[in-house]
Amino acid sequence: MKNTLTILCLIIFSFCASAQTNPKLNLFPQGTILHGNIPYANDTLKKHLLDIYLPPTGKSSNPVVVWVHGGAWMLNDKYADMDYMRNTVKGFVDSGYAVASIDYRWSTSAIFPAQIQDCNQAVEFLYENAAKYNLNKDRIALIGFSAGGHLASLLGLSNNNNVKAFYLAGKKSNFKIKLVLDFYGPSNLAAVKGADLNDPKSPLSLLLGGTVADHPDVAKKASPATYADKNDPPFLIVQGEKDESVDPEQSISLSKLLKDKGVKNDLIVVPGAPHYGVMFDQEYIRKKVFWYLSEYLK
């Protein structure tokens, strides 16, 4: 009896510790199972960690939505964007999807392609360890916001190309992406507009290692639109009409390009919406998100 009580106390302590160190666990449904701060790159870098949130159903194989945070490639972490998307976040787990939120290196410490290498390595880790964490390795979707939308789109569209620079040691990953949910991510970096375009200290310049004018080849390589072809996964693209950071034309042109290539996609331009916020968590958008998930991930 004493040993049983000791084990029970350890389990309770472990859960409470996880809840205290994870500031977003309260956004998920009660009973959500958390595997927090898992190192995915076999090193000790803080930016090489991910969290897995599992539905409390006890299923041995859950389709997984990989969460890629925004922040101009130089800010935020794997908890970002969840607060204003709280109904969508809760809906994922309520609907039987696991959520894997990943960190990646900021551009201020490592320029492109470090970010896409990290994203690929994180998803490869999930794929290789799917059985351990009760994930379905054949049903993987991506959701990304702003810079995270860019990375999710880039990962999804380059997944069927062998771009060696996007993978650790040049080795292509084994996983396949079934769906991309792109929230206001830039798609063609060479066509970005704005006062910061020629500023060597702008977020885009810091990502590329210099301005677009000085590094047009890197801008092209880092652009999701470069890799669009008929074999790409379906896309749902969500864009704010009044986005002050990412020109809506970036999403509009990506949707048209994918359509021209024969790739199933839908574009939602949210009336009056800025770059991010609760307007992207509206019911009609969630319905479209979950339609795509049910259609392509289950």
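For the reader, a short list of remarks on this structure follows.
- Averaging the Cα positions of each part gives two centres, and for the range 203-226 and the range 113-157 these lie 22 Å apart.
- Membrane-span-like helices in the chain (whole DSSP H runs, Cα extent of at least 15 Å along the helix axis, mean Kyte-Doolittle hydropathy of at least 0.5): 2-21, 147-158.
- Counting every other Cβ atom within 10 Å of each residue's Cβ, LEU254, LEU267, LEU157 order from fewest to most as LEU267, LEU254, LEU157.
- Interchain or long-range residues, amide H under 5 Å from ALA273's placed H: GLU241, LYS242
- Cα convex hull of the range 30-296, projected area averaged across orientations, nm²: 12.7
- Rounded to the nearest whole angstrom, the semi-axes of the ellipsoid equivalent to the range 194-298, taken from the Cα gyration tensor as √(5λ), stand at 28, 19, 11, largest first.
- Estimated inter-spin distance, ALA131 and LYS90, nm [label 7 Å along Cα→Cβ]: 3.7
- Exposed loop sites are taken as GluC sites (Glu not before Pro) in a DSSP loop (any state but H, G, I, E or B) with at most 16 other beta carbon atoms within 10 Å; the longest stretch of the chain without one runs 1-240.
- Dividing the summed helix terms, -39500 (n - 2.57) for each DSSP H run of n ≥ 4, by the number of residues in the chain produces a 222 nm estimate of -10000 deg cm²/dmol to the nearest 500.
- Share, in percent, of DSSP beta bridges within the chain that are antiparallel, nearest 5: 25
Where a number appears in this text, it was derived from the coordinates with a stated rule and is not lab data. Every value quoted in this text rests on a predicted model; they were computed, and no experiment measured them. All Cβ positions, glycine included, derive from the backbone under ideal geometry; neighbour counts span all protein chains shown.
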